[in-house]
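This report refers to the structure that appears directly beneath it.
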Amino acid sequence: MRFKGRTALVSGGAGAIGRAIALRFADEGANVAILDINADAVGKLVDEIRSRGVLAHGSVVDVRDYAAVKACVDAAAEALGGIDIVVNAAGGSARKRMDLFERIDISVVDDVVDINLRGTLYVIHAALPHLIRKNYGKIINISSIIAIGGKAKCVDYAAAKGGIIAATRSLAIELGRHNINVNALSPGQVQRPDEMPADPVAFAHRHSLMNRICTQEDVAHAVMFLASSDADYMTGQNYVIDGGRSLGLRGDS
Ligand SMILES: NC(=O)c1ccc[n+]([C@@H]2O[C@H](COP(=O)([O-])OP(=O)(O)OC[C@H]3O[C@@H](n4cnc5c(N)ncnc54)[C@H](O)[C@@H]3O)[C@@H](O)[C@H]2O)c1
């Protein structure tokens, strides 16, 4: 129960990774606020969080709308007694709409950059007065190894996630004096429960050096660590969770 008495706000909390993070915070005693555009999933998740014995507040919001984000963050803080921890997990790549940059529809570029980067900045900007008031805070931004290594058909996503890492560093420089830590996490391929590959071990070997696929819980573990007092002296960093994939040459094993 290391987060008892704390409130964690999770954007994209109704998604695969955000949900694992939100439930883990609840299991560790935190009250949890969810910001997500998916109304059905927000409602169900709020019930699930409450069933674990903590307070929950759900907001259905598009993170690209600053006024709405601000109103939802303020409402969550009012309902839950402030905000201590902010996790930005709303986002994702263009998925079926992704394409080579020379022919991608520019509206896709707008969407991906706006949701991932502008949305992250909006949530942090809206939450900061609440953190500064407490002279305490942990901000954890979900980026991606694509920001570091690059990937074809992901120029928009790489740019947005790279922007998140850059913003993380500058925010850490500004916010250390308020006792606020800001870090980024860059997962590699995280397997969605609804999209399990036919051969998980072969898939894992393609996407990491390990014998298993990265799970949402692997990301949640790292979030818990960065949100905890164990990471009080760590700020402005980007931590890669990719089972060693970005190390490069694998040898012939
Ligand atoms: N899944 C992976 O392999 C992987 C790898 C690296 C990084 N990431 C990042 O992790 C984060 C979570 O990804 P996921 O795999 O859980 O995806 P997901 O699609 O399951 O979750 C994303 C959540 O964001 C919400 N969202 C989307 N647009 C929104 C908007 N405009 N306003 C508010 N909420 C919005 C969705 O409703 C969804 O609940 C994303 O930022 C993604 O880029 C994922």
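The values are calculated or read from the model by the stated rules, or taken from the named source; none is laboratory data. None of these values were measured; they are calculated from a predicted model. Positions of Cβ are backbone-derived with ideal geometry, glycine not excepted, and every protein chain shown enters the neighbour counts.
Checking each residue in region 144-165 for being part of a helix (DSSP H, G or I) and among the hydrophobic types (A, V, I, L, M, F, W, C) picks out Ile146, Ala147, Ile148, Val155, Ala158, Ala159, Ala160, Ile164, Ile165.
When you scan region 188-212, how many residues do you find that are within 22 Å of Gly92 (Cβ to Cβ) and more than 14 Å from the ligand (Cβ to nearest atom)? Residues that pass the stated criteria total 1.
Within region 201-213, none of the residues are under 27 Å from Val86 (Cα atoms) and not in a loop (DSSP other than H, G, I, E, B).
Quick one: in region 84-98, which of the residues that are crowded, with 16+ Cβ neighbours inside 10 Å and more than 13 Å from Leu35 (Cα to Cα) is nearest to the ligand (Cβ to nearest atom)?
This residue is Gly92.
Are any of the residues in region 58-65 of a type outside the set (A, V, I, L, M), more than 20 Å from Ala20 (Cα to Cα), over 17 Å from the mean Cα position of the chain (by Cα) and at pLDDT 95 or above? Within region 58-65, one or more residues are of a type outside the set (A, V, I, L, M), more than 20 Å from Ala20 (Cα to Cα), over 17 Å from the mean Cα position of the chain (by Cα) and at pLDDT 95 or above. In this structure, Pro197 does not qualify as surrounded by fewer than 19 Cβ atoms within 10 Å (Cβ to Cβ) and under 19 Å from the mean Cα position of the chain (by Cα). Scanning region 1-29 for residues that are away from the ligand (no atom under 16 Å from the Cβ) and not in a strand (DSSP E or B) turns up Met1, Arg2, Phe3, Lys4, Gly5, Arg6, Ala26, Asp27, Glu28, Gly29. Reported count of residues in region 30-56, each being within 16 Å of the ligand (Cβ to nearest atom) and in a loop (DSSP other than H, G, I, E, B), is 2.
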